[in-house]
1. Taking Thr69 as meeting all but one of (1) among the β-branched types (Val, Ile, Thr); (2) surrounded by 13 or more Cβ atoms within 10 Å (Cβ to Cβ); (3) modelled with pLDDT under 95, write down the number of the exception.
2. Pick out the one residue from Val98, Val65 that is under 14 Å from the mean Cα position of the chain (by Cα), among the β-branched types (Val, Ile, Thr) and in a helix (DSSP H, G or I).
3. Report the residue count in the stretch 20-55 for those that are within 14 Å of the chain's Cα centre (by Cα) and in contact (Cβ under 8 Å) with a residue 24 or more places away in the chain.
4. Pick out the one residue from Leu17, Leu58 that is in contact (Cβ under 8 Å) with a residue 40 or more places away in the chain, touching a helix residue (DSSP H, G or I) at 6+ places or on another chain (Cβ under 6 Å), surrounded by 12 or more Cβ atoms within 10 Å (Cβ to Cβ) and assigned to a helix (DSSP H, G or I).
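The values are calculated or read from the model by the stated rules, or taken from the named source; none is laboratory data. Because the structure is a prediction, the values reported are computed rather than measured. Here the Cβ is made from the backbone with ideal geometry for all residues, glycine too, and neighbour counts use every protein chain on show.
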Amino acid sequence: MADRLYTRTEKLTRARLLAKGAKRSAGDISRIERQLDAIDRRAEDRARREAEAHSAALKAARDAVATATVAERTAPRGPERAQAREKRKAAEKHLRSVERARR
C-alpha cells in the first residue's frame with residue numbers, strides 16, 4: 001500500500017510549492033517546507049485510514065464467506081442447499097471485489 005494518498009489538489013499544490021522552493025533555494029523556504037509537511041501528514045493519515053477501512057472490509061468479507069460455507073455444508077439437500085450455495089457464491093464474488101479494490 002502506498003505511504004501517502006494525495007488528492008488532485010494536493011498534487012498540484014505540492015508541485016507549485018516545490019517549484020517555488022526551487023526558485024528560492026538560496027533564501028528562506030521554511031514556510032514552504034511547513035506547507036509541504038502539512039500536505040504530507042494529511043496524505044499519510046488518509047492512506048492509513050483507507051488501509052484500516054480496507055482491512056476491516058476484507059475481514060468482514062472473509063467472515064461472510066466462512067459463514068456462507070458453513071451454512072451450505074449444514075443445509076439439507078434440495079432447495080435449501082441450492083439457496084445456500086448461491087449465497088456462498090455471492091459472498092465469494094464480494095470477497096474478490098474487495099480484494100481487487102486494494103490499491
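1. (3)
2. Only one candidate passes the filter, namely Val98.
3. Result for the stretch 20-55: 7.
4. Going through Leu17, Leu58 in turn, just one is in contact (Cβ under 8 Å) with a residue 40 or more places away in the chain, touching a helix residue (DSSP H, G or I) at 6+ places or on another chain (Cβ under 6 Å), surrounded by 12 or more Cβ atoms within 10 Å (Cβ to Cβ) and assigned to a helix (DSSP H, G or I): Leu58.
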